[in-house]
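Working notes, structure below.
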Amino acid sequence: MTGFDEALGDVLNNYATNLRTAINADTEAAAKKLKKAIEADAPVKTGTQKESWKIDREYLGGIDLKTVVHSEDYRKVHLLENGHLTRNGTTRTKAFHYVGTNAEQVLDEYEKIVAETIRVVK
C-alpha cells in the first residue's frame, strides 16, 4: 500500500489534464462554429456586420479557457436583434434574431459534446 496515494494522485492529475485539454478543444470548436453561423446569418446591407465578429480567448489560471464570441459594434447588434424605432418615430424596424438563435443551437450541441467528452476521456 505504500505509494498508492501518489499513484492515485498521478492518475487523477493526468485525467484532469486530459479532460481540460479536450474540453478546451471542444470550446474552441464551438466558438468557431458559432462565429461562422452568426456571420452566415447576419443581415447584409454594407457587409460590416458580418465582418465585425471576433473570438476572444482568455486563459484562467493554468489551462482553463474562457472563450467569448462578440461583435466590435455591439450597439448595432442590439438594434438589429431587437428592432428599433425609425427616424420618424412612428414605425419600428424588423428584428433579426440571428445571434440568439445561433447561440442557442451551438450551446445545446456544446453541452452534448462536453458530456460525451467527459464520458470518453481517460
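When residue 92 is tested against the conditions (1) at pLDDT below 90; (2) in contact with a Gly (Cβ under 9 Å, 6 or more places away or on another chain), the lone failure is (1).
Mind checking whether some residue in the stretch 3-24 is without any contact (Cβ under 8 Å) to a residue 12 or more places away in the chain and in contact with a strand residue (DSSP E or B) (Cβ under 9 Å, 6 or more places away or on another chain)? No, that holds for no residue. Within the stretch 42-66, being modelled with pLDDT under 90 and surrounded by 15 or more Cβ atoms within 10 Å (Cβ to Cβ) holds for 42, 49, 50, 52, 65. Applying the set (1) of a type in the set (S, T, N, Q); (2) surrounded by 13 or more Cβ atoms within 10 Å (Cβ to Cβ); (3) part of a loop (DSSP other than H, G, I, E, B) to residue 90 leaves exactly one unmet item: (2). Of all residues in the stretch 112-122, those satisfying the criterion of being in a helix (DSSP H, G or I), of a type outside the set (A, V, I, L, M, F, W, C) and exposed (fewer than 11 other Cβ atoms within 10 Å of the Cβ) are 112, 119.
Taking every residue in the stretch 96-122 that is farther than 15 Å from residue 19 by Cα and modelled with pLDDT under 95 and pairing it with any residue that is in a helix (DSSP H, G or I) and among the aromatic types (Phe, Trp, Tyr), at least 6 positions away or on another chain, yields no pair with a Cβ-Cβ distance below 8 Å.
So, in the stretch 30-41, how many residues would count as being out of contact with any strand residue (DSSP E or B) (no Cβ under 6 Å at 6 or more places or on another chain) and surrounded by 13 or more Cβ atoms within 10 Å (Cβ to Cβ)?
Total satisfying the criteria: 6.
The values are calculated or read from the model by the stated rules, or taken from the named source; none is laboratory data. Computed from a predicted structure; not experimentally measured. Cβ atoms come from the backbone with ideal geometry, glycine included; neighbour counts cover every protein chain shown.
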